[in-house]
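S.K.: Okay, handing you the structure first.
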Amino acid sequence: MTPPGTTTGSRRAAAVGADEAAPVYLVRGEDASLVAQAARVLVRQLVGRRDPALVVEEHGGSAAEDLDVGAVVDACTTPPFLVDRRVVVVRDAGKLSAADAKRLTTLLADPLPTSVLVLVSGGGTVPAALVKAVGAAGEVVDTSVASGRDRSRWIAEQLKGAPVHLDAAAAGRVSEHLGDDLGRLAGLLETLAAAYGEHATVHLDELEPFLGEAGGVPPWELTDAVDSGSTEVALAALRRMMGPGGRSAPEVLATVHRHFSNLLRLDGSGAVAGEDAAALLGLRSAFPAQKALAQTRRLGTERIGEAVNLIAAADLDVKGQSALPPELVMEILVARLSRLVRVGAPARRR
């Protein structure tokens with residue numbers, strides 16, 4: 001599989017060969033598992049058929065004190081021994097100080113041709129000057145995956161280079177099931193290859209036993225379902241958002257509160273178009289603002305106010321006023337909000 005994400009620079013990281021490489025790469029993104037996956041694939045491509053024990057040198061890790069930039073500079077400026085390339089991997093590059101970043105930027109101005117520096121962002125933010133230097137001298141591999149068509153295109157690209165072939169039904173099921181948890185895709189494909197063999201065609205019934213827990217979904221899937229009045233779809237989205245490793249009840253409640261607060265702000269504001277609504281809500285795109293404006297008109301002042309009251313009451317229940325578990329409080333809230341939209345009349349709290 002190729003490294004997930006896109007790159008900027010003179011060459012794509014996905015096209016890195018064993019005998020061709022840029023002097024430096026930065027792997028970054030929002031999903032730690034996708035960043036780790038992309039870094040692993042990139043390093044494997046850079047090593048090629050060489051002995052990793054002789055080629056790869058790791059620096060940094062989970063603790064910031066493990067990262068000695070002086071040792072990184074020494075590794076990058078020392079010719080490799082017994083091999084023609086040294087790959088220096090720096091973990092948690094997002095924890096680099098401005099002074100450390102400056103040392104690496106100076107290094108990249110005149111890199112040793114036999115050394116390749118791989119910076120893996122990890123937590124924190126990589127200093128802008130270093131990102132700029134990497135972009136000028138090598139490649140920035142961005143593993144961030146957008147929603148909509150970009151997400152579908154990314155999944156299709158990963159499946160194209162996968163060790164097994166998924167038929168149309170299986171590919172669609174994987175996309176729907178994983179949701180936001182795209183970092184699980186590589187492991188799933190490797191497991192399928194181990195079970196059915198390299199290059200095997202996997203059908204839907206053969207895929208199902210390996211899927212595990214459904215992945216999370218983006219917040220707008222929940223709010224869109226509530227706005228449509230579809231209780232069943234809204235509850236399914238809620239459960240996936242709050243599944244293992246997902247968002248907590250207060251986090252999801254904040255999402256719902258923000259959504260209806262936007263409707264409250266638009267109600268009576270005089271906004272007539274998506275651009276007006278976006279300016280009022282501080283949004284960059286007119287598309288979500290237009291959706292919010294249309295929903296404001298559908299609900300009207302009375303139902304928006306009732307929704308805000310339901311959310312306020314649920315907030316107290318999540319914080320302990322009710323003996324109900326927070327997850328159940330959220331299910332009740334989502335059901336009431338979607339019913340409020342569907343029936344077109346104020347809901348009453350019992």
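S.K.: What strands (runs of 3 or more DSSP E) completely inside region 19-119 contain at least 3 residues that are surrounded by 16 or more Cβ atoms within 10 Å (Cβ to Cβ) and not assigned by TED's automatic domain parsing to the domain that holds L130? Walk me through it before giving the result.
M.R.: Working: elements: 24-28, 56-59, 86-90.
No strands (runs of 3 or more DSSP E) qualify here.
S.K.: Moving on to the next point. Just to be sure, is G138 touching a residue at least 60 places away in the same chain (Cβ under 8 Å) and within 16 Å of L26 (Cβ to Cβ)? Walk me through it before giving the result.
M.R.: On the way: touching a residue at least 60 places away in the same chain (Cβ under 8 Å): yes; within 16 Å of L26 (Cβ to Cβ): yes.
Here the answer is yes, as G138 does meet what is asked.
S.K.: So, one more: Considering only region 191-211, I want to know if a residue exists there that is within 21 Å of the chain's Cα centre (by Cα), on the phi < 0 side of the Ramachandran plot, modelled with pLDDT under 85 and not aliphatic (A, V, I, L, M). First the steps, then the outcome.
M.R.: At the first step, the residues of region 191-211 found to be within 21 Å of the chain's Cα centre (by Cα) are 211.
After this cut, where a residue has to be on the phi < 0 side of the Ramachandran plot as well, the list is 211.
Applying the additional criterion that residues be modelled with pLDDT under 85 yields 211.
Filter once more, so that each one left must be not aliphatic (A, V, I, L, M): none.
Scanning region 191-211, I find no residue that is within 21 Å of the chain's Cα centre (by Cα), on the phi < 0 side of the Ramachandran plot, modelled with pLDDT under 85 and not aliphatic (A, V, I, L, M), so the answer is no.
S.K.: Looking only at region 156-187, count every residue that is surrounded by 20 or more Cβ atoms within 10 Å (Cβ to Cβ), part of a helix (DSSP H, G or I) and without any contact (Cβ under 8 Å) to a residue 40 or more places away in the chain and tell me the total.
M.R.: Residues that pass the stated criteria total 4.
S.K.: If L333 satisfies all but one of (1) over 30 Å from D181 (Cα atoms); (2) among the hydrophobic types (A, V, I, L, M, F, W, C); (3) within 32 Å of the chain's Cα centre (by Cα), what's the number of the condition it fails?
M.R.: Evaluating L333 over (1) over 30 Å from D181 (Cα atoms); (2) among the hydrophobic types (A, V, I, L, M, F, W, C); (3) within 32 Å of the chain's Cα centre (by Cα) leaves (1) as the failure.
S.K.: Under the condition of being in contact with a strand residue (DSSP E or B) (Cβ under 9 Å, 6 or more places away or on another chain) and in a helix (DSSP H, G or I), which residue from region 126-143 is surrounded by the fewest Cβ atoms within 10 Å (Cβ to Cβ)?
M.R.: The extreme case among them is A136.
S.K.: Quick one: I311 ticks every box in (1) crowded, with 17+ Cβ neighbours inside 10 Å; (2) out of contact with any helix residue (DSSP H, G or I) (no Cβ under 6 Å at 6 or more places or on another chain) bar one, so which box is it?
M.R.: Unmet condition: (2).
S.K.: Next up: Inspect region 190-204 for any residue being in a helix (DSSP H, G or I) and of a type in the set (D, E) and give the result as yes or no.
M.R.: yes
The values are calculated or read from the model by the stated rules, or taken from the named source; none is laboratory data. Everything quoted here is computed from the prediction, not taken from an experiment. Counting neighbours? That spans all protein chains shown, and the Cβs are built from the backbone with ideal geometry, glycine included.
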